[in-house]
């Protein structure tokens with residue numbers, strides 16, 4: 001306990017340092033040219049991601065190399081490497097509605113679009129000849145027949161791709177920093193998940209300096225738990241899947257689902273429990289009342305209210321025998337989309353009101369946190385200018401690409417909906433640590449259809465409708481690790497340059513080797529046709545005779561009713577001095593699967609009523625972020641090892657047969 005107190009005192013005196021230098025550039029090159037190909041291959045084969053594994057594996061590798069080179073890695077450098085790894089191997093989203101998560105950097109989007117325009121589904125729906133040439137070269141062009149990016153037909157699509165990636169980063173830096181100042185410095189929200197990456201980086205920095213304290217001990221123990229559990233949870237299914245038609249799993253991945261059996265007694269009810277220990281450790285870390293609210297929100301909405309709504313005829317799409325995914329989709333489309341939008345509006349209104357109340361107080365009574373010296377904070381006017389410039393650039397580009405689409409809608413998306421959604425999400429990150437379910441589903445799609453626009457180009461345009469709430473948590477992680485804010489900006493744009501080059505290079509090589517999708521890549525061969533069908537349905541909804549049935553999912557009366565209930569509930573909790581974090585947990589829990597909320601609930605109870613009582617509340621609070629970071633690292637190590645061996649086995653099998 002005394003050791004923890006001494007560590008905290010040293011942290012308060014610590015100066016902010018720059019974490020971006022030649023070491024982090026070398027790490028970025030390693031990730032881009034060594035790990036990115038693995039991410040591409042894994043995504044094509046299994047649809048999986050190496051995101052979390054890449055972060056911790058890269059950090060540990062560089063820490064061990066530094067030790068043997070008698071070089072010390074500072075925690076600021078380690079955290080910047082963590083950011084770079086997450087940026088380089090993070091899945092990307094294709095532009096437009098019905099987005100598809102793709103692995104392998106920016107050019108994965110173009111590989112998907114070359115498939116879409118040539119797919120039989122796009123041809124059947126009459127979409128192939130409606131996709132603009134600024135998205136992808138026309139079907140039948142030399143560039144697609146020869147499967148190469150080295151063709152002049154790709155010049156404009158690639159320039160737009162690069163421009164979109166640059167503008168997107170400018171957009172989230174500008175708006176994200178502004179909302180960080182509002183949520184962290186003015187509202188002083190706790191950001192409960194921010195210490196995970198921060199404490200993990202600190203523990204590994206102590207190891208690099210050979211000053212292994214309590215952090216490293218807890219991190220090491222937790223990492224071993226992750227490794228041992230990963231052997232059963234990841235390794236066994238991976239290797240049995242190589243030699244058997246169906247992988248053998250000791251624990252069903254990702255959950256044990258009781259939805260179909262429960263539906264026989266409670267129609268439309270959803271329940272189950274996740275089998276990954278991560279959710280229990282998340283329950284350790286998040287504020288207790290947030291977890292309680294999350295569980296109650298998820299359980300009441302999915303297990304209790306769904307059968308009631310089914311009996312009332314509100315839920316109409318559910319059918320007996322549905323498992324969790326189709327049941328969740330059916331119930332969400334019938335009612336919970338509208339409820340989520342309504343509750344999200346309440347969160348935004350409460351946040352705006354709290355900021356206004358803070359500024360209404362006399363200056364002496366405001367509890368505004370001052371920016372620490374040396375943190376490298378940006379001027380507020382600069383963040384606003386950067387956001388305004390990038391948003392305006394998006395609007396101009398979209399108007400040039402799709403001139404017949406109403407300009408005012410682009411303006412509303414960029415200057416109204418994006419800030420509103422980002423602010424709601426930022427407050428949820430600041431209060432609960434997560435923002436799952438905070439979105440305005442189908443608003444973009446519905447707007448496109450109701451706009452009166454005729455054509456398919458709008459579905460592929462880079463419309464400035466984003467959720468930048470996550471950026472506020474990243475800034476808080478920088479603050480906790482005493483990393484200067486400009487370090488992230490420099491690292492992000494360095495990683496962008498490396499990612500664009502590496503993504504172009506490796507996708508060009510893999511695409512030239514054979515068509516994508518094909519039997520060589522079982523995941524995309526199975527899943528991309530389904531995605532192409534839905535994409536074609538959406539994109540043809542603005543053509544003559546297109547379907548409008550998707551708009552029926554959003555019900556204005558449900559939105560207003562849920563907003564009213566949310567305001568009453570928030571007011572009641574505040575009146576009776578019940579922790580309002582319970583309300584934010586309830587809001588987030590509505591959209592979360594009970595399968596994840598239940599183990600979080602178990603973790604919260606264990607943490608509060610067992611571990612905190614045995615070792616002390618304050619000590620336990622310091623341990624929890626390091627436990628989660630260490631466990632994630634252990635699982636990441638096992639995951640990377642499994643992926644590497646699976647790739648080798650697949651390659652050898654292909655060569656032999």
- Task: Kindly check whether there is at least one residue in the stretch 498-505 that is buried (at least 23 other Cβ atoms within 10 Å of the Cβ), within 30 Å of residue 123 (Cα to Cα) and under 23 Å from the mean Cα position of the chain (by Cα).
- Result: yes
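Take the stretch 455-506 and flag every residue that is under 18 Å from residue 75 (Cα atoms) and not in a helix (DSSP H, G or I).
Passing the criteria: 481, 482, 483, 484.
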- Filtering the stretch 107-141 down to residues that are farther than 14 Å from residue 511 by Cβ and either free of Cβ contacts under 8 Å to residues at least 40 places away in the same chain or in contact with a strand residue (DSSP E or B) (Cβ under 8 Å, 6 or more places away or on another chain) (or both) yields 117, 120, 123, 128, 129, 133, 138, 139, 140, 141
- Message: If the requirement is being closer than 23 Å to residue 469 by Cβ, surrounded by fewer than 23 Cβ atoms within 10 Å (Cβ to Cβ) and touching a residue at least 60 places away in the same chain (Cβ under 8 Å), which of these qualifies: 339, 350?
- Response: 350
- (1) touching a helix residue (DSSP H, G or I) at 6+ places or on another chain (Cβ under 6 Å); (2) at pLDDT 75 or above: which one isn't true of residue 325, the others all being true? (1)
- Within the group 475, 410, which residue is under 24 Å from residue 158 (Cβ atoms) and at pLDDT 90 or above? 410
- Can you find even one residue in the stretch 125-147 that is crowded, with 21+ Cβ neighbours inside 10 Å, more than 28 Å from the chain's Cα centre (by Cα), at pLDDT 90 or above and not in a helix (DSSP H, G or I)? yes
- Do we have residue 485 as modelled with pLDDT of 90 or more, within 19 Å of residue 183 (Cα to Cα) and buried (at least 22 other Cβ atoms within 10 Å of the Cβ) here? no
- Task: Kindly check whether there is at least one residue in the stretch 303-321 that is closer than 16 Å to residue 601 by Cβ and at pLDDT 85 or above.
- Result: yes
- Query: Could we say that residue 591 is part of a loop (DSSP other than H, G, I, E, B), buried (at least 20 other Cβ atoms within 10 Å of the Cβ) and on the phi < 0 side of the Ramachandran plot here?
  - Reply: yes
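Could you tell me which of the residues 43, 96, 92 is at pLDDT below 75, crowded, with 17+ Cβ neighbours inside 10 Å, within 30 Å of residue 461 (Cα to Cα) and touching a strand residue (DSSP E or B) at 6+ places or on another chain (Cβ under 6 Å)? Spell out how you get there, then give the answer.
On the way: 43 fails: touching a strand residue (DSSP E or B) at 6+ places or on another chain (Cβ under 6 Å); 96 fails: touching a strand residue (DSSP E or B) at 6+ places or on another chain (Cβ under 6 Å).
Within the list 43, 96, 92, the selection yields 92.
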- Note on the structure: Residue hits (the stretch 594-625; on the phi > 0 side of the Ramachandran plot and assigned to a helix (DSSP H, G or I)) are none
- Item | residue 429 farther than 30 Å from residue 339 by Cβ, modelled with pLDDT under 95 and not in a loop (DSSP other than H, G, I, E, B) | no
- Residue in the stretch 242-259 that is farthest from the chain's Cα centre (by Cα), counting only those that are surrounded by fewer than 16 Cβ atoms within 10 Å (Cβ to Cβ) and part of a helix (DSSP H, G or I): 243
- Task: Test residue 178 against the criterion of being in a helix (DSSP H, G or I) and closer than 16 Å to residue 109 by Cβ, and give yes or no.
- Result: no
- Does the stretch 524-545 include one or more residues that are more than 20 Å from residue 122 (Cα to Cα), in a helix (DSSP H, G or I) and at pLDDT below 85? no
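The values are calculated or read from the model by the stated rules, or taken from the named source; none is laboratory data. Bear in mind that the values here come from a model prediction, so they are computed numbers and not experimental data. Note that we place each Cβ from the backbone using ideal geometry, even for glycine, and neighbour counts take in every protein chain shown.
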